[in-house]
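Let me begin by presenting the structure, written as C-alpha cells, before commenting on it.
The values are calculated or read from the model by the stated rules, or taken from the named source; none is laboratory data. Since we're looking at a predicted model, the values are computed, not measured. Positions of Cβ are generated from backbone atoms using ideal geometry, with glycine treated the same way; all protein chains shown enter the neighbour counts. Keep in mind that these areas ignore ligands, DNA and RNA; they rest on the heavy atoms of the full protein, side chains included. Shrake-Rupley method; radii C 1.70, N 1.55, O 1.52, S 1.80 Å.
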Amino acid sequence: MELTKQAQMYEGKAKKVFATEDENYVIVSYKDDATANDGLKKGTISGKGVINNQMSNFLMQILEKEGVPTHFVKEINERDTVVKKVSIVPLEVIIRNISAGHFAQRYGVEEGIVFDEPTIEFSYKNDDLHDPLLNEYHALALKLATKDEIALIKQMAFKVNEVLKAYFLNLGVKLVDFKLEFGKTADGTIVLADEISPDTCRFWDAKTNEKLDKDRFRRDMGGVEDAYTEIFGRVMNEK
Ligand code: TMP
Ligand code: ASP
C-alpha cells in the first residue's frame, strides 16, 4: 500500500513526523529550519530539507548494505520519507575522528588534531536539561537503555564510522565527527534512526579543510547553502 501523511505526531527543530495508514510506519518531513547553540540561534537554510532528506536516505542505504539496520523504508518525495516507527533511545551518540567543536572547547585543544582511534561519547537527549554529557553507567542508572542495547549501539556507531569515513575520504572529504540517534521498533530491534546530514556531521574538504557543514551556520561564516550544495553534489554524483 502507498502510505500517505495522516495526522502530525510531532514537530522537532528540523523535521516533522506524521502518522501513516500503517501503525508500524511514519513519514518524516525535512524542514529548512535550522537551530544552533542549544536552540538559541534560529534561522533558515534554504533547500536544506531537500538535501538532508536525500543525503540521509542515500547514506542509510549504503549502511544497510554494509549490515547496519536503519529506519529507512522509502523516499516518497524530495522532503518526505517513510521510515519505521521507533521509540528513540534518548541518547545522542557522538563519534569523533578529529578534534573540533565541543571536544576542542571542553578539553582546551585546537581543532584538527587527528586521533589515533575514534572516540565515542553520549549525551542525554533532553532539551530541558540541555543534552548533558553522560557515560554508559549514567545511561544505565537512568534506564535510558539496557547494557546489551548500549553495547549494540556502540558497535553499530563504530561500524557507521568505518563505512562513512572511507566513503567520504573517497569523495575528498574528511569525516571529522557526527551525531547518531538510535530507535527501537515495536519488536525491540535497535535500528539507526534520525538523520545523517550536514546538520549532524562535520565534513572538511580533504585538501583545503574548508567546512562543508552546519558549522558555517553555527559560526556565522557565510556560504551556508553553497556548502550544503557542495557536499550533496559530491555524495549524489557517486550514485
Ligand atoms: P559538538 O562538537 O558540538 O559536540 O558536535 C559533535 C557533532 O555532533 C557535530 O558533527 C555536530 C553534531 N551535533 C548534532 O548533530 N546535534 C547537536 O545538538 C550537537 C550539539 C552536535
Ligand atoms: N541542533 C542543535 C540545537 O539547536 C545544535 C546544533 O546542531 O549545533 O541547538
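State yes or no: is E111 within 29 Å of G49 (Cβ to Cβ) and part of a loop (DSSP other than H, G, I, E, B)? Answer is yes for this residue. Somewhere in region 198-206, is a residue more than 16 Å from ligand 2 (Cβ to nearest atom) and touching a Gly at 6+ places or on another chain (Cβ under 7 Å)? Yes. Within region 44-55, the residues that satisfy the criterion of being assigned to a helix (DSSP H, G or I) and either out of contact with any strand residue (DSSP E or B) (no Cβ under 8 Å at 6 or more places or on another chain) or open to solvent by 40 Å² or more (accessible area, probe 1.4 Å) (or both) are I51, M55. Take region 1-41 and flag every residue that is within 14 Å of ligand 1 (Cβ to nearest atom) and free of Cβ contacts under 8 Å to residues at least 12 places away in the same chain. Of everything in region 1-41, those that are within 14 Å of ligand 1 (Cβ to nearest atom) and free of Cβ contacts under 8 Å to residues at least 12 places away in the same chain turn out to be G12, L40. I'd like to check something: does region 148-170 contain any residue that is closer than 24 Å to V83 by Cα, in a loop (DSSP other than H, G, I, E, B), within 13 Å of ligand 1 (Cβ to nearest atom) and not β-branched (V, I, T)? Checked region 148-170: no residue is closer than 24 Å to V83 by Cα, in a loop (DSSP other than H, G, I, E, B), within 13 Å of ligand 1 (Cβ to nearest atom) and not β-branched (V, I, T). Of everything listed in (1) in contact with a strand residue (DSSP E or B) (Cβ under 6 Å, 6 or more places away or on another chain); (2) under 25 Å from E111 (Cβ atoms), the single unmet condition for L152 is (2). Residues in region 16-43 that are in contact with a Phe, Trp or Tyr (Cβ under 7 Å, 6 or more places away or on another chain), within 16 Å of ligand 2 (Cβ to nearest atom) and open to solvent by less than 20 Å² (accessible area, probe 1.4 Å): A34, A36.
Contact annotation: residue pairs with Cβ atoms under 8 Å, 6 or more positions apart or on different chains, pairing a residue in region 197-220 that is farther than 16 Å from G233 by Cβ and open to solvent by 20 Å² or more (accessible area, probe 1.4 Å) with a partner that is assigned to a loop (DSSP other than H, G, I, E, B) and modelled with pLDDT under 95, are R218/N37.
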